[in-house]
1. What tally of residues in segment 174-208 results from selecting those that are assigned to a strand (DSSP E or B) and crowded, with 22+ Cβ neighbours inside 10 Å?
2. Is it the case that segment 27-38 has a residue that's over 15 Å from the mean Cα position of the chain (by Cα), assigned to a loop (DSSP other than H, G, I, E, B) and modelled with pLDDT under 95?
3. Within segment 49-90, can you find the residues that are among the acidic types (Asp, Glu) and either part of a loop (DSSP other than H, G, I, E, B) or on the phi > 0 side of the Ramachandran plot (or both)?
4. Give all pairs with beta carbons closer than 7 Å in which a residue from segment 212-227 that is surrounded by 16 or more Cβ atoms within 10 Å (Cβ to Cβ) meets a residue that is of a type in the set (A, V, I, L, M, F, W, C) and in a helix (DSSP H, G or I); count only pairs at least 6 apart in sequence or on separate chains.
5. Can you pull out the residues in segment 94-148 that are of a type in the set (Gly, Ala, Ser) and part of a loop (DSSP other than H, G, I, E, B)?
6. Enumerate the pairs (first residue in segment 78-103 and modelled with pLDDT of 95 or more; second residue anywhere and among the β-branched types (Val, Ile, Thr) and surrounded by fewer than 22 Cβ atoms within 10 Å (Cβ to Cβ)) with beta-carbon separation below 7 Å, excluding pairs fewer than 6 apart on the same chain, so at least 6 apart or on different chains.
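The values are calculated or read from the model by the stated rules, or taken from the named source; none is laboratory data. Here the structure is a predicted model, which means the values were calculated and not measured. For neighbour counting, all protein chains shown are included, and Cβ atoms are generated from backbone atoms with ideal geometry for every residue, glycine included.
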Amino acid sequence: MDDWTLQPARDLELAGADRHRSYQRESGLVANVARFAWWSMMRASLKLLHRLEVHGRENLPESPSFVLVANHASHLDAMVLGATLPLNLRDQLFPLAAGDVFFHTPALAAFSATVLNALPVWRKKVGAHAIQQLRTRLVEEPSIYILFPEGGRTRDGSMRPFKSGIGMITAGTHVPVVPCRLDGTFEAFPPESFIPRLHKVSVHIGEPRIFEDLENRRPGWDEVSRLLENDIKTLGGDLDPPTTVPALSATRSPLDTADSTSNRN
């Protein structure tokens, strides 16, 4: 048996908003209980009010790390994706949320960090250092990211082109990326609404991809985004399934190969 040593928490010297916004943030008992209550409530309300249906749950990797990516139409999107996962993964689940929306006040930052376990992405000033921190945490620690590659919610229900952020985080890594197609969330909670409507919601979970053979540079980032965008369009019936794997495509991972949150414009 390996010797056990006590290590201080990495966020020990951080307090308040600095801790809430930190990528090194660690969980405690209060946050654990709050997330259990939150996700239990979300699962029940989505099932009761929105008749949530989950298709392809068998495609989810059995354990972290992995990334869930999906089309983005509503503030319900991250809740729906999170509800597909077992409750025991709640402390490893990190929705990537727009910092200018979910962390711009101390109270909202506290809720986003403690209850949602969200990590901020500063869309107007995100730098290479922040991307590298997200990438490092994903590779080195058991983590599940929820990420919306469009960079913002659709305003008309149609899917927008994917940006390269997902490639910057996953290209050249062994972390599975799971494409998911959300349907009904735009009708249930469109951007201009303040209260969700009673409308059926469903999510189709596709087969995961691993992008370890793609270089962590612009061509690799763009290829990651292109492949995942096509996967999600195919899940929604917008494209026919490919008969062959493109030459630059990352290989699909078997199920046993297990290694913004909502945002707005």
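1. The initial filter retains those residues of segment 174-208 that are assigned to a strand (DSSP E or B), namely 176-183, 202-205.
Now narrow it down to the ones that are crowded, with 22+ Cβ neighbours inside 10 Å: 176-182, 203.
Total satisfying the criteria: 8.
2. Taking every residue of segment 27-38 in turn, at least one turns out to be over 15 Å from the mean Cα position of the chain (by Cα), assigned to a loop (DSSP other than H, G, I, E, B) and modelled with pLDDT under 95.
3. Correct list: Glu62 only.
4. Listed pairs, sorted by first residue: Leu214/Val224; Trp221/Met168; Val224/Ile166; Ser225/Ile166.
5. Of everything in segment 94-148, those that are of a type in the set (Gly, Ala, Ser) and part of a loop (DSSP other than H, G, I, E, B) turn out to be Ala118, Gly127, Ser143.
6. Partner pairs satisfying both residue conditions: Thr84/Val54; Thr84/Ile205.
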